[in-house]
2 protein chains.
Amino acid sequence: MATSRPTIYDVAKAAGVSKSLVSLVLRGAGGVSAASREAVERAIRDLDYRPSRAAAALAAGRTRLVGVLIDDYANPWFVDLLRGLDEVLSPGGYRLSVVDTATAAGVEDPVEGLLSMRADGIIVARDVPHVLLGDTAPPFVIAGTRADVPDGVDAVGNDDVLGARLATEHLLALGHREIGHLSVVGGAGQTRRESFLATMQDAEALARATAYRGPATERAGYDTSLALLREHPGVTAIFAANDVMAIGALGAARELGRDVPRDLSIVGYDNTALAQTRLIDLTTVDDDSVGVGREAGKLLRARLAGEDPVDVRRTLEPSLVVRGTTASLG
Amino acid sequence: MATSRPTIYDVAKAAGVSKSLVSLVLRGAGGVSAASREAVERAIRDLDYRPSRAAAALAAGRTRLVGVLIDDYANPWFVDLLRGLDEVLSPGGYRLSVVDTATAAGVEDPVEGLLSMRADGIIVARDVPHVLLGDTAPPFVIAGTRADVPDGVDAVGNDDVLGARLATEHLLALGHREIGHLSVVGGAGQTRRESFLATMQDAEALARATAYRGPATERAGYDTSLALLREHPGVTAIFAANDVMAIGALGAARELGRDVPRDLSIVGYDNTALAQTRLIDLTTVDDDSVGVGREAGKLLRARLAGEDPVDVRRTLEPSLVVRGTTASLG
């Protein structure tokens, strides 16, 4: 199959347009009619044209690739974030590629992967790795509440203080007076924990927050819930730092024979697809991950268009979604 | 922060080694002592050296990036696959980046994203997209059972015929005689369905396979299970094409008030982390995704080292994992 590789001239000829117009389309530049754009895209597909080498030069080294840096594929909160990002970035010709921290067993920082793939920009959906703060790193936007957001960096998140208060006040309103909280590491986790403690203090209720500060996993949710419920048998409700931890808590309740929601109420955070399943049916805080992705995508797009750093901090409003895992204290 | 960008010479100086040795480390070449390698890696970190431009030239255009192409982030079966891949590829300096099909709402093939990021190689964990068959595509290895595997392509999967038979025979051995199957699109789905039907025929039992041929999602599992159980009230067990569909089936059982496993047994496929949770505790087929990732990574590594295409087909043996969602027909 040693056919010669199609060139940008072949694409221009097949599309019936000039080579310059093809390069405009490849760059995702404006000022191209929809009809011309479609003709070029069709020709690219028909010819199986691979613009990676040629177009890269044309586009002055731009890959039109946006890297998304997450903690752990096993925590599905990022899936909605990707939907929002794609919605905003895909029409500009950008594509998303995801790199996680949890998989990489090697000594090298997984962020190097994003740098080596020459992403035009990065969405940071975890605490900000140090290597991104060097002046040679590509533009990035933070998605979600993160610890130590540096000056000059755009960030979009939901209001975790409000979200955690909504969750806690929901449990208080149901009559619960001794409430557990499953903590996790990271900026969002820390903020939710503090808001939980403040809300409980205002209500003069008994707060039982776990000392755990590791990654948010189902296993951690299970283990810390078991310990919490054994140490504090008076706990009648748990607010978990996120849905994955809450699924662990549901497992612990099952293990201890405590019926949810009759004997124990559980609230998560993130409104993941799992929380929405009929099986799990989890009361949780909807942090509008799609909206966070959409706003973060817009900010990154502006940066990639060469707009000056604007140090935008955008905070979306979360809402409580009441489902089947919470009930009045019987 | 307009400091001048560090160069490979700065790294060599800081590490106390020659520039050639730095480039060997950047290429991930062999023959470098652990001490030298560590010194270079430390200097790279300390200087915040970004080898993306310089090293790319040194490495003759290699990015040391492996793209992983999946269907849908919401189906977590790929998480173990990534663990296996990382285990084998990370020591060679390769990094993984994942691209899915489900997120991409745009008209462009998401595979173009993998090509534009100039991955050295690709792991295809879905049916093979046509664009990869062009002679300009990078080397790739198929992970999982796929429809129409082309000649000259390496592929690793588990034995889906055996896996589906193990699941079906388990239900038959428990006394179930009218068993539903939740079908999905794709090579693995098709193979599991056919093996289910053959096993049921051999046992002269009543097979109720759904007509659904769309993507495997929890929602599809829920919808098709509801329809199946309403149309065939005599069904006492369901074998789902994978764990995500099985979670939908568990939700449908809950909706219909059918206790699992007392009134309905359910088996999945993949042994995902979700199946292993105390909450879901799903009887399923372990298709050794870590092992599939490991073998696929080894084959890709061989291809990237310039070994001739060998057309390897490797099939790993699945095993049944009995948990809490299956029981004897009461």
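The values are calculated or read from the model by the stated rules, or taken from the named source; none is laboratory data. This one's a predicted model, so the numbers in the text were calculated from it and none came from an experiment. Please note: Cβ atoms are built from the backbone with ideal geometry, for glycine as well, and neighbour counts cover all protein chains shown.
Restricting to segment A:301-330, give me the number of residues that are modelled with pLDDT of 95 or more and part of a helix (DSSP H, G or I).
Counting residues in segment A:301-330 that are modelled with pLDDT of 95 or more and part of a helix (DSSP H, G or I) gives 0.
Taking segment B:270-287 as the search range and keeping residues that are more than 9 Å from every other protein chain (Cβ to nearest Cβ) and within 18 Å of B:A327 (Cβ to Cβ), which one is surrounded by the most Cβ atoms within 10 Å (Cβ to Cβ)?
Taking the candidates together, the pick is B:T284.
Could you go through segment A:102-110 and let me know if any residue there is more than 7 Å from chain B (Cβ to nearest Cβ), modelled with pLDDT under 90 and within 16 Å of the chain's Cα centre (by Cα).
As a first pass, look at segment A:102-110 and keep what is more than 7 Å from chain B (Cβ to nearest Cβ): A:102, A:107-109.
Pick out the ones that are also modelled with pLDDT under 90 and you get A:102, A:107-109.
Now narrow it down to the ones that are within 16 Å of the chain's Cα centre (by Cα): A:102.
Within segment A:102-110, one or more residues are more than 7 Å from chain B (Cβ to nearest Cβ), modelled with pLDDT under 90 and within 16 Å of the chain's Cα centre (by Cα).
Residues to consider are B:L250, B:L264, B:L256; find the one that is in contact with a helix residue (DSSP H, G or I) (Cβ under 7 Å, 6 or more places away or on another chain), surrounded by 21 or more Cβ atoms within 10 Å (Cβ to Cβ) and outside the structural domain of B:P76 (by TED's automatic domain parsing).
B:L264
Can you find, within segment A:238-269, the residue that is nearest to B:P76 (Cα to Cα) among those that are among the β-branched types (V, I, T) and more than 9 Å from chain B (Cβ to nearest Cβ)?
So the residue we want is A:V244.
If you scan segment A:242-281, which residues turn out to be of a type in the set (S, T, N, Q) and in a loop (DSSP other than H, G, I, E, B)? Talk me through it step by step, then tell me what you get.
Within segment A:242-281, the first condition is being of a type in the set (S, T, N, Q), and the residues that meet it are A:242, A:265, A:271-272, A:276-277.
Listed by number, the residues that qualify are A:N242, A:N271, A:T272, A:Q276, A:T277.
With respect to the numbered conditions (1) more than 25 Å from B:A188 (Cβ to Cβ); (2) more than 9 Å from chain A (Cβ to nearest Cβ), which one is the sole condition not fulfilled by B:L81?
Here B:L81 meets the rest and fails (1).
Can you tell which of B:R278, B:R262, B:R254, B:R258 is in contact with an Asp or Glu (Cβ under 6 Å, 6 or more places away or on another chain), of a type in the set (K, R) and closer than 29 Å to A:D259 by Cβ?
Details: B:R262 fails: in contact with an Asp or Glu (Cβ under 6 Å, 6 or more places away or on another chain); B:R254 fails: in contact with an Asp or Glu (Cβ under 6 Å, 6 or more places away or on another chain); B:R258 fails: in contact with an Asp or Glu (Cβ under 6 Å, 6 or more places away or on another chain).
Checking each option against the conditions leaves just B:R278.
Let me spell it out: the conditions are (1) hydrophobic (A, V, I, L, M, F, W, C); (2) farther than 22 Å from B:I142 by Cβ; (3) not in a strand (DSSP E or B), and B:V292 meets all of them except one. Which number is the exception?
(2)
What's the total number of residues in segment A:117-130 that are facing another protein chain (nearest Cβ under 9 Å) and modelled with pLDDT of 85 or more?
0
Here are B:A137, B:A155, B:A167, B:A173: which of them is within 21 Å of B:R313 (Cα to Cα) and away from chain A (no Cβ under 14 Å)? Steps first, please.
Numbers: B:A137 fails: away from chain A (no Cβ under 14 Å); B:A167 fails: within 21 Å of B:R313 (Cα to Cα); B:A173 fails: within 21 Å of B:R313 (Cα to Cα).
B:A155 is the lone residue from the list that is within 21 Å of B:R313 (Cα to Cα) and away from chain A (no Cβ under 14 Å).
Could you identify the single residue in B:L133, B:L171, B:L114 that is at negative phi and modelled with pLDDT of 95 or more? Steps first, please.
On the way: B:L133 fails: modelled with pLDDT of 95 or more; B:L114 fails: modelled with pLDDT of 95 or more.
The unique qualifying residue is B:L171.
Working only within segment A:188-206, note down all residues that are crowded, with 18+ Cβ neighbours inside 10 Å and either touching a Gly at 6+ places or on another chain (Cβ under 8 Å) or basic (K, R) (or both).
Result: A:A188, A:R192, A:R193, A:S195.
Is it fair to say B:T284 is closer than 25 Å to B:L250 by Cβ, part of a strand (DSSP E or B) and polar (S, T, N, Q)?
yes
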